[in-house]
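Please read the structure below before turning to the comments.
No lab work stands behind these numbers, since they all come straight from the coordinates. Just so we're clear, the structure is a prediction, and the values are computed from it rather than from any experiment. Glycine also receives a Cβ, built like all others from the backbone with ideal geometry; neighbour counts cover every protein chain displayed.
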Amino acid sequence: MALQQQGAGLLSGIRVLEAASMIMVPSVGAALADYGAQVIKLEPIEGDLNRRGHHIPGMPVHDYEYCFLPDNRGKRSLAIDLKAPEARGILRRLVECADVFLTNHRPKSLEGLGLGWPELQAINPRLVYAHGTGFGDAGDEIDKPGFDSVCYWSRSAMEASLFPTDGWLGSLGYGTGDHPTGMALLSAVLLALLARERSGRGTRVSCSLLASGAWSNSVMIQAKLLGAQFLERRPREDARSFTAVYYRAGDRCLFKMAIVDTRRDWPKVCRAIGRPELAGDPRYATLEERLKEGRMRELVELCDRIFASQPMQYWQRALEEADVPYSVVATFDDVVADKQMAANGVFVEIDDPVLGRVRTVDTPLQIEGHPKVTPTPAPRLGEHTRAILCEIGLGEQEIQSLAERRVVADRAVPSAPIPGPQ
């Protein structure tokens, strides 16, 4: 019994079994597949919920299941009803061959499916078992449903710090807490594989959206842990720093600066705005003077007038020549046309059987001397069911019987292109 091997890559020969939905844990599988690991995605008969993410009210409108694409390209899909008794034997054979098991099922669900760490460790002592959770491994909330919008954003105090909560918040960004948490879980998986090289035994690793959100906001949480005084919010015109607010150039383009070392960077800002004499003006020359009553308001008003006098292209040149950290507040149109992102491989092209040649967002890892494998499209639901079951020793009649009883599903790959923007 041998599963199909992936081509060349740093992780070639590593076999991954993914029983996970949505984004956080599947993003780990995508990163492993990028470096040559063979990833089998176990999907319910109706498919990963993320295949229908584009139907969520407010999401960009398109016929294609675009939410599923970034975190599932490069994988093979086995559609299987994990609750069916006949699935146990299939799972056992797959686990026997696996190096890594990825899951985000809640503990009660894992126990009911026979997919807990003790059960799988008994089958394969070399297995690295990775559990991505909403609320962690202990405490009263471990079996609660969790998504990044609540576990990562809300519980870490980032949402309360950044956004107004008395009206419509807008979107936090689909998966924006899942992806950093997934990269943390990936780190744990790779460390566990290293430990296995040394000990010969696998282990269990985990990461939660709750802990990852706290880590992302750790500086501010540390302040609270030490009893620091938190300052009240102020309106823009009374900002504590004129460099911490947004400005609009003459063409209405929105941008912001990021000044941390104020002693070093204050003269740079003065040069950029064409007012170098302000650097030595006793009213503004030091941070202490600028913090005096009314001074920041004066500077915000001054910068508003100056920045509104020229288009963004002018200010980009001026800020860059003065070495002032800044960024245009990008729209999605800006992002997909970003030359710096393109130069650094942020986007990668794939040949999709439905969409044709399209770009997708690459995983953010680069390892010199170890290029990623050529990316392949996200699988159709159950696209590889029959092939995988054959590889673990099931015969055609047995597979057909399982399909007829909806224990597994074998789906054909659609070939007609889907209309819509690409």
message: Given contacts defined as C-alpha pairs under 8 Å and at least six residues apart, what's the relative contact order of the stretch 236-329, whole-number percent?
response: 44
- request: Under 1.5 on a/c is rounded, so check that first for the stretch 232-275, then, if it is not, pick prolate when a/b is larger than b/c and oblate when it is not; a ≥ b ≥ c are the square roots of the alpha carbon gyration tensor eigenvalues.
  value: oblate
message: Could you tell me the calculated FRET efficiency between E96 and Y246, based on Cβ-Cβ distance and R0 = 56 angstrom, to the nearest 0.05?
response: 0.50
- prompt: Within the stretch 41-149, how many Lys pairs sit with Cα atoms under 21 Å apart, leaving out pairs fewer than 8 places apart on the same chain?
  reply: 6
- line: Dividing the mean separation of Cα pairs under 8 Å (6+ apart) by the residue count of the chain yields a relative contact order in percent of 21
- prompt: Calculated FRET efficiency, F230 and A84, Cβ-Cβ r, R0 56 Å, to nearest 0.05?
  reply: 0.60
- request: Based on other C-beta atoms within 10 Å, arrange T176, T203, T385 from fewest to most.
  value: T176, T203, T385
- prompt: Helix 262-272 versus the longest principal axis of the chain: what angle, 0 to 90°, nearest 10, using Cα atoms?
  reply: 70
- line: Final fewest-first order of V407, V16 on the 10 Å Cβ neighbour count is V407, V16
query: How about the stretch 180-257: which GluC sites (Glu not before Pro) there lie in a loop by DSSP and see at most 12 other Cβ atoms within 10 Å?
result: E232
message: If I stretch the segment between V260 and S309 completely, what's the gain in nm (0.36 nm per residue apart, minus their alpha carbon distance), one decimal?
response: 15.1 nm
- request: Starting from the Cα of E119, step 7 Å toward the Cβ, then list every residue of the stretch 394-408 with an amide N under 19 Å from that point.
  value: 407-408
- prompt: Among residues other than H131 whose Cβ falls under 11 Å from its Cβ, what is the net charge (Lys/Arg +1, Asp/Glu -1)?
  reply: +1
task: Before rounding to the nearest 500, sum -39500 (n - 2.57) across all DSSP H runs of length at least 4 in the chain and divide by the residue total; then give [θ] at 222 nm in deg cm²/dmol.
output: -9500 deg cm²/dmol
query: When DSSP assigns beta bridges and you keep just the ones with both residues in the chain, what percent turn out antiparallel, to the nearest 5?
result: 40
query: Using the Karplus equation 6.51 cos²θ - 1.76 cosθ + 1.60 (θ = phi - 60°), what ³J(HN,Hα) coupling, rounded to whole Hz, does each residue of the stretch 119-131 give in order, writing x for Gly and Pro?
result: 5, 6, 4, 5, 6, 9, x, 8, 6, 8, 10, 10, 10
Candidate lysines - alpha carbon under 17 Å from K268, same-chain residues fewer than 8 apart omitted: K256
statement: Simple spin-label estimate for T331/R283, 7 Å along Cα→Cβ, in nm, reads 3.7
